[in-house]
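Read the structure below first, then the notes.
The values are calculated or read from the model by the stated rules, or taken from the named source; none is laboratory data. Not measured: the values here are computed from a predicted model. FYI the Cβ positions are ideal-geometry reconstructions off the backbone, even for glycines, and counts take in every protein chain you see.
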């Protein structure tokens, strides 16, 4: 009986090995065909674009705007964030780096560069229904904005400050700062623009107690605005 069982066991072992090999091949093939995981969608709304009239001017993070680069303006995403933009009507996608603040038109969620708008085929229409997905939180090569620098490094006057304010944006272009100021003033009448000749800073409120300024900063962030507390000048 033992002699009869040995070939039988060998056949069973060989069959099992073949099954395992087949399963491994199937798993490998299915892994190759698996579609790439898309980044998580964070926002849907209307995109617009801005071009020649701003080309070469300072963006909110201090760069010179290049209408032929793949960049965009967003109200609150950190500078350097890499975002995938998908047109909900034609399915086209592009990836842009956030380096500016905006748009300041009600109902719009992102302002694309001319190059990005061309990639989505929305230059003619001017606007498009899109969804945004974050691909990479922050690009290491992205320059910081004047506001971001104040947030990460101590303000030399902060320790001796007698008053504080909440900064929502800083622009090399004064007109853009005024546009943001006017938008904020609908809810915060004391929003103002303070300029040092190089930068026009949009600030809200003036507080003797930093805790009150922090409370306003949190309120602004809940409304979708990137904000930080700085010493009032």
Out of all the residues in segment 195-211, which are surrounded by fewer than 17 Cβ atoms within 10 Å (Cβ to Cβ), touching a residue at least 12 places away in the same chain (Cβ under 8 Å) and more than 9 Å from residue 164 (Cα to Cα)? 195, 198
Is it true that residue 48 is at pLDDT 55 or above and in a loop (DSSP other than H, G, I, E, B)? no
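Give the residues of segment 160-185 that are part of a strand (DSSP E or B) and farther than 18 Å from residue 76 by Cα, sorted by residue number.
Of the residues in segment 160-185, the ones part of a strand (DSSP E or B) are 164-171.
Those that are part of a strand (DSSP E or B) and farther than 18 Å from residue 76 by Cα: 164, 165.
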Go through segment 75-125 and tell me which strands (runs of 3 or more DSSP E), entirely inside it, have 2 or more residues that are within 11 Å of the chain's Cα centre (by Cα), farther than 18 Å from residue 40 by Cβ and assigned by TED's automatic domain parsing to the domain that holds residue 58. 93-100
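Considering only segment 218-233, how many residues are in contact (Cβ under 8 Å) with a residue 12 or more places away in the chain and under 18 Å from residue 74 (Cα atoms)?
Step one: filter segment 218-233 for residues in contact (Cβ under 8 Å) with a residue 12 or more places away in the chain, giving 220-221, 223-233.
Okay, now just the ones that are also under 18 Å from residue 74 (Cα atoms), so 220-221, 223-228.
So the count comes out to 8.
Out of curiosity, is residue 106 at pLDDT 95 or above and surrounded by fewer than 17 Cβ atoms within 10 Å (Cβ to Cβ)?
Working: at pLDDT 95 or above: no; surrounded by fewer than 17 Cβ atoms within 10 Å (Cβ to Cβ): yes.
When the stated conditions are applied, residue 106 does not pass them.
May I ask you to list the residues in segment 38-81 that are without any contact (Cβ under 8 Å) to a residue 12 or more places away in the chain and over 18 Å from residue 122 (Cβ atoms)? Break it down stepwise before answering.
In the first step, residues of segment 38-81 are kept if they are without any contact (Cβ under 8 Å) to a residue 12 or more places away in the chain; the result is 53, 56, 64.
Scanning segment 38-81 gives 56, 64.
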Of all residues in segment 186-233, how many are in a loop (DSSP other than H, G, I, E, B), touching a strand residue (DSSP E or B) at 6+ places or on another chain (Cβ under 9 Å) and at pLDDT 90 or above? 4
Subset of segment 95-121 (residues that are within 15 Å of residue 77 (Cβ to Cβ) and free of Cβ contacts under 8 Å to residues at least 60 places away in the same chain): 95, 96, 97, 98, 99, 100, 103
